[in-house]
Amino acid sequence: MLRLLFLSTPVGPLGSGQGGGVELTVQNVAQEMVRRRHELEVVAPVGSRLTNIPIREIEGNLQIAVQTQERNTPICLPANSVLGNMWTYARQRRSHYDLIVNFAFDWLPFYLTPFFDLPIAHFISMGSMTIALDQIMTQVAQQYPGTVGVYTRPQAGTFPFGDCCNILGSGIDLSLYEFCAEPEQSLAWLGRIAPEKALEDAVAAADITGIPLKIFGKMQERDYWDKICRDFPAAPIEYAGFLPTRELQQQLRQCRALLMTPRWVEAFGNVAIEALACGVPVIAYRRGGPAEIVRDGETGFLVEPNSVTALVEAIKRIDEINRDSCRQQAETEYSLEALGDRFESWFMDIMRSRNEKVLHL
Ligand code: UDP
């Protein structure tokens, strides 16, 4: 049994959607570690909620999401930083734990790593973003081999230390997602409404095909959304808001396909496996995480990045995909058990090499 201290993302409370897919990953890894009888405490900003897992809520101002910044933006912390406060708490409580697991994509936890006398596992949830972050992450990856984990290989490839990353993938609680064999005549788009997700490409495809597009997700950049609405005044789109998993899957499963149109190298794309779990095929740009997940022609289509024409062509062929194969792929590759096995052995490896190091001193 391990005594684990999870430190969540400091860009928003868990359950708010502000943190994107890493919020679901924290929920799922935590849930699975508890099921495996590890002792676990989750530390997260005030207002955070997880299903069936208590949270130590920490006060303070949120971190600015790094994907909104330039590559050479300096490191920035607000006054009374929640990230700083979370790590103060971790320092005070360190004697109660074997391992700290950091889920923040921020400079401070990497910088603090050598100052802690217990091991820290860093789970990195996006591709390379800024020079300062790349530098500190590289230092930790080199100085503490095996302690850096990522979702996928294409994501690892964006970093200078890509070869040293543990590839952990993702997984979901499949019992929460119901299979739907007979969809309605609509498409889905799912994610944070922010420029790196390029919602406008999916809206353009809906505009051309005339097939209604249901949009679900956190309204992160209102000006960006308003511009899309102005640019495509007649597109058949409906914004359904940011929904909790249970309600989200109720609507998602009725769609004919999920469109994934990220402009950036998507680290994973939890929404892809949520769609597959409902039997919904995924049409995605052939790049980043989705290109690792979708089996082209079998559980969806991988198309030329940034091409609306290619999206439209794939939409026309969607009936070639067997929805049972989609659910089947989610079950075999993305269960919570499979996710738990990978994270657990990562944690065990870190503990083992730490103990070996101590023995050699
Ligand atoms: N999501 C949600 N409700 C919604 C829309 C999205 O809970 O109405 C969640 C979804 O389950 C997923 C996350 O938002 O976990 C988006 O994560 P993804 O990995 O696709 O991208 P990221 O935001 O991390 O770039």
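Okay, here's what the table says:
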item	result
Computed [θ] at 222 nm, deg cm²/dmol, the chain (DSSP H ≥ 4; -39,500 (n - 2.57); rounded to nearest 500)	-11500 deg cm²/dmol
Folded to 0 to 90 degrees: helix 323-333 orientation relative to the chain principal axis, Cα	10 degrees
Rounded Å value of the spacing that divides the Cα centres of the range 273-350 and the range 212-226	22 Å
Given charges at Cβ of Lys, Arg, Asp, Glu: the range 28-153 dipole, positive-most of LEU40, CYS76, PRO109	LEU40
Charge dipole magnitude, Cβ of K and R +1, D and E -1 - the range 65-186, Cα centre, debye nearest 20	560 debye
Sorted by Cβ density within 10 Å, fewest first, the residues SER48, SER8	SER48, SER8
GLN185/GLU39 FRET efficiency (R0 45 Å; Cβ-Cβ; nearest 0.05)	0.35
Within the range 21-101, trypsin sites (Lys or Arg not before Pro) in DSSP loop having at most 13 other beta-carbon neighbours inside 10 Å	ARG37, ARG71
The range 1-134: radius of gyration and largest Cα-Cα distance (Dmax), Å	14.1, 43
Residue order, fewest to most surrounding Cβ atoms within 10 angstrom, among CYS76, CYS180, CYS165	CYS76, CYS180, CYS165
Compactness of the range 258-328 as Cα Rg over 2.2 N^0.38 Å, two decimals	0.97
Per-selection Kirkwood Rh - the chain (Cα, Å, 1 d.p.)	20.9 Å
Pairs beyond 19 Å (Cα-Cα), from LYS227/LYS316; LYS214/LYS316; LYS197/LYS218	LYS227/LYS316
Peptides 241-249, 23-31, 167-175 ordered by average Cβ neighbours within 10 Å, highest first	23-31, 167-175, 241-249
Vicinal HN-Hα couplings computed from phi for the range 45-60 (Karplus, 6.51 cos²θ - 1.76 cosθ + 1.60; Hz; Gly/Pro x)	x, 3, x, 5, 9, 10, 7, 6, 10, x, 10, 8, 8, 10, 6, x
Karplus (6.51, -1.76, 1.60) ³J(HN,Hα), θ = phi - 60°, over the range 246-256, in Hz, Gly and Pro reported as x	4, 6, 4, 5, 4, 8, 4, 5, 7, 8, 6
Under-5 Å amide H pairs with PHE268, H placed in peptide plane, nonlocal only	GLY289
Order of GLU320, GLU41 - criterion: other Cβ atoms within 10 Å of each residue's Cβ, fewest first	GLU320, GLU41
Positive dipole terminus of the range 257-351, leading residue within ALA272, PHE301, THR332 (C-beta point charges)	PHE301
Whole-Hz ³J(HN,Hα) from phi, Karplus 6.51 cos²θ - 1.76 cosθ + 1.60, for the range 101-113, glycine and proline x	10, 9, 10, 8, 8, 9, 5, 4, x, 5, 4, 6, 3
Using alpha-carbon coordinates, inclination of helix 21-35 to the longest axis of the chain, degrees	60 degrees
Cut-off under 5 Å, modelled amide H: who pairs with LEU213 long-range	LEU187, ILE237, GLU238
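Quick note: the coordinates plus some simple rules give every number you see, no bench work behind them. All figures in this text were calculated on a predicted structure; none of them were measured in a lab. In this analysis, Cβ positions are derived from the backbone assuming ideal geometry, glycine residues included, and neighbour counts consider all displayed protein chains.
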